[in-house]
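**Q** Handing you a structure now.
The values are calculated or read from the model by the stated rules, or taken from the named source; none is laboratory data. Just so it is clear, the structure is predicted and the values come from calculations on it, not from any experiment. Glycine also receives a Cβ, built like all others from the backbone with ideal geometry; neighbour counts cover every protein chain displayed.
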Amino acid sequence: VWFNTGALQKDSIANPNDYDYYSYRLNYNTNLDKVSLNTRVKLNTQFLAGLYTNKLSLVKSDSKGDNKLTVDFLSLYRVNHNYLINSAWDLRKMNNRIDVDLERKYDYSYGKGTLNLKLQTSALGSAYDYNKLILTANNNNKVEKLKIKTRAYFQLGTGNNWAEESKLVLAGANNEEMMNSKFTRAEGIVSADLMDYDYTTNYFHSAGGLNLRGYSGYLAPEFNEDGTIASFNYNGTSGAAFNTEIDFTAYLPYSIRKNNIASYLFADAGIISNEVLTKENYKTSFSDLRADAGIGFTYTFRNFGPLETVRPLVIRFDMPFFLNRAPASDEDFVQMRWLIGINRAF
């Protein structure tokens, strides 16, 4: 539980008393082995950055942990927009959902991978009506000293009343996913200026969604034949993407590697749609293919002293030199571009 007194804040700021007087978070996790082996129940309730989140999870796995079934009962309710990086949330509307996640881990001769199949559907009491079917395949391979990571992502969305915070995002995480990170749930460590949507790209990438990092902050307009804007495709309800990273850190000099610096080449490509897909329109409903490519670096900080449970902090610097559909403000398809991120893209 956190209490906010408002002490020592500037008197000159607008609405000096408009802040949350308290925040809280409670997590509970226990096994149900007496009822069913390898089964757990988890409870999370919290109020952080103006958002009430309540989630009950049932998790069932096999004895080796290679197969797992998770059922989440989720409720989101936002009461204010204070300090948000992106304020695309409706206030005082229940976003209730049931999520079912099937996960399969597998090994093969030159690598390993994880396959996820998710079904998310609006639940009783929700102010919204939407459904998602999501398939994700992540693979990690090794060719000599090269580490090759790939991610294939597909989402099919239906419904006539979508929660804006839960939509699929072209460049990265949606607002719901951003609330799961202490770095992006509210403005502070990351400035809202770094993530504003505009007619050009921006400088911060939050991993998730289709993960086309080179288009971070870009409205991604689609144009009619007469040059007018038909739609903005920075988010949508259905989409597909393929992402890859080739890590060549092992070929760097030891003087660089010993300082926890890694480097990789990356490429991302994807399509997105805001339309309800049918067998008649699925060929024309998606945006044109967007793609990016470049080189990236990470620095990993692990020394947190006595705080043994703190996860390593990974600071990412990506340079998406190539965009196949660059903003009109860019001089060329290939030019100097950069962005930062926290943790790897996938």
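**Q** Select from the range 218-239 the residues that are β-branched (Val, Ile, Thr) and under 16 Å from the mean Cα position of the chain (by Cα) and list them in ascending order.
**A** Initial filter on the range 218-239 (β-branched (Val, Ile, Thr)): 228-229, 237.
Once the filter is applied, which keeps residues that are β-branched (Val, Ile, Thr) and under 16 Å from the mean Cα position of the chain (by Cα), the range 218-239 yields only Thr237.
**Q** With the requirement that a residue be of a type in the set (D, E, K, R) and surrounded by 16 or more Cβ atoms within 10 Å (Cβ to Cβ), what does the range 117-133 give you? Steps first, answer last, please.
**A** The first filter runs over the range 117-133 and keeps only residues of a type in the set (D, E, K, R), leaving 118, 129, 132.
Selection gives Lys118, Lys132.
**Q** Going residue by residue through the range 205-217, is there one that turns out to be over 10 Å from the mean Cα position of the chain (by Cα) and surrounded by fewer than 20 Cβ atoms within 10 Å (Cβ to Cβ)?
**A** Kept after step one, since they are over 10 Å from the mean Cα position of the chain (by Cα), are these residues of the range 205-217: 212-217.
Now drop any that are not surrounded by fewer than 20 Cβ atoms within 10 Å (Cβ to Cβ), which leaves none.
No: zero hits.
**Q** Related question: Please state which one of Ser255, Ser285 is part of a helix (DSSP H, G or I) and polar (S, T, N, Q).
**A** Exactly one residue qualifies, and that residue is Ser255.
**Q** Could you tell me whether Thr70 is of a type in the set (Ser, Thr, Tyr) and under 30 Å from Thr114 (Cβ atoms)?
**A** yes
**Q** Scanning the range 134-146 for residues that are more than 16 Å from the chain's Cα centre (by Cα) and on the phi < 0 side of the Ramachandran plot, which turns out surrounded by the most Cβ atoms within 10 Å (Cβ to Cβ)?
**A** Within the range 134-146, the match that is surrounded by the most Cβ atoms within 10 Å (Cβ to Cβ) is Asn139.
**Q** Does Asn161 qualify as being in contact with a Lys or Arg (Cβ under 6 Å, 6 or more places away or on another chain) and either of a type outside the set (Lys, Arg) or within 15 Å of Ile246 (Cβ to Cβ) (or both)?
**A** Taking the combined requirement at face value, the residue does not satisfy it.
**Q** Is there any pair with a first residue in the range 31-57 that is at pLDDT 95 or above and a second that is acidic (Asp, Glu) and not in a loop (DSSP other than H, G, I, E, B) whose Cβ atoms are under 7 Å apart and which are 6 or more apart or on different chains, and what are they?
**A** Final answer for the pair search is Lys55/Asp72; Ser57/Asp72.
**Q** Next question. Take Gly172 and decide whether it is of a type outside the set (Val, Ile, Thr), more than 23 Å from Gly214 (Cα to Cα), in contact with a strand residue (DSSP E or B) (Cβ under 6 Å, 6 or more places away or on another chain) and modelled with pLDDT of 95 or more.
**A** When the stated conditions are applied, Gly172 does not pass them.
**Q** Related question: Output the residues belonging to the range 5-48 that are under 28 Å from Asn82 (Cβ atoms), assigned to a loop (DSSP other than H, G, I, E, B) and hydrophobic (A, V, I, L, M, F, W, C).
**A** Ala7, Leu8, Ile13, Ala14
**Q** Something else now. When the range 218-268 is examined, which residues are found to be surrounded by fewer than 23 Cβ atoms within 10 Å (Cβ to Cβ), at pLDDT 95 or above and of a type in the set (Asp, Glu)?
**A** Glu245, Asp247
**Q** Sort out for me the strands (runs of 3 or more DSSP E) sitting completely within the range 93-150 that have 3 or more residues that are in contact (Cβ under 8 Å) with a residue 12 or more places away in the chain and β-branched (Val, Ile, Thr). It would help to see each step written out before you state the result.
**A** On the way: elements: 95-108, 111-122, 129-143.
In the range 93-150, the matching strands (runs of 3 or more DSSP E) lie at 129-143.
**Q** Of all residues in the range 220-252 being among the hydroxyl-bearing types (Ser, Thr, Tyr) and either in contact with a helix residue (DSSP H, G or I) (Cβ under 7 Å, 6 or more places away or on another chain) or not in a strand (DSSP E or B) (or both), which is nearest to Asp288 (Cα to Cα)?
**A** Filtering the range 220-252 for residues that are among the hydroxyl-bearing types (Ser, Thr, Tyr) and either in contact with a helix residue (DSSP H, G or I) (Cβ under 7 Å, 6 or more places away or on another chain) or not in a strand (DSSP E or B) (or both), the one nearest to Asp288 (Cα to Cα) comes out as Tyr234.
**Q** So for the range 318-329 (the condition being of a type in the set (Phe, Trp, Tyr), under 30 Å from Ala230 (Cβ atoms) and crowded, with 20+ Cβ neighbours inside 10 Å), does at least one residue qualify?
**A** no
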